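Read-outs throughout are calculated quantities, based only on the coordinates presented, and are distinct from any laboratory measurement. If you're wondering where the values come from, they're calculated on a predicted model, not measured in any experiment. Neighbour counts are summed over all protein chains in view; Cβ atoms, including those assigned to glycine, are modelled from backbone coordinates with ideal geometry.
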Amino acid sequence: MVVVLLSLAALAGAGGDVRLVGAVKDRDLAATRSLLRQHVDVNASDAEGMTAIHWAAHWGDLETVKLLIAAGANAKVANRYGVTPLHEAGTIGNVGIIEALLKAGANPNAAYGSGETPVMTAARTGNVDIVKMLLD
């Protein structure tokens, strides 16, 4: 998988070179690390506006979230529907990811299309500890 991703020419998506997005979406840590060493655009997005940090939060991958933040990923970024990485992390209830995203500047009051904030997402999905954390 790493060879295939790295040998492809830069793929054009809605937001530029989406190889990193693909690597994180596919949960390929080796490719992710390699692409970060190549200084690819850490904030590139796919056609839906999903960035690598969205996918890392979606999968509950704290290690990758931290790598992406260290490489300059925007923790406040919203996809085309207004969903942020904090919404993704609130859905799965990953305390470590929530903490990392908040420390990196994620907005706990960001609302997507329906008006749902990360606090509401966490409450809707039964993640009481996350609700408490976001309200503090």
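Miscellaneous remarks
- Lysine pairs meeting the criterion (Cα under 19 Å, 8 or more apart or interchain), as found in the chain: 6
- In terms of its alpha-carbon gyration tensor, region 18-100 comes out oblate; a/c meets the 1.5 threshold, while b/c is at least as large as a/b.
- Distance from the C-alpha centroid of region 40-72 to that of region 74-101: 10 Å, rounded to the whole angstrom.
- For S45, the amide hydrogen comes within under 5 Å of the amide hydrogens of G15, G16, counting only partners 5 or more places away or on other chains and with H modelled in the peptide plane.
- Ranked by the mean number of other Cβ atoms within 10 Å per residue, highest first, peptides 47-56, 118-127 order as 47-56, 118-127.
- Ordering of 96-109, 57-70 by packing [mean C-beta count within 10 Å, highest first]: 57-70, 96-109
- Between the residues G16, V119, L134, the greatest Cα displacement towards the positive end of the dipole of the chain, with unit charges on the Cβ of Lys, Arg, Asp and Glu, is found for G16.
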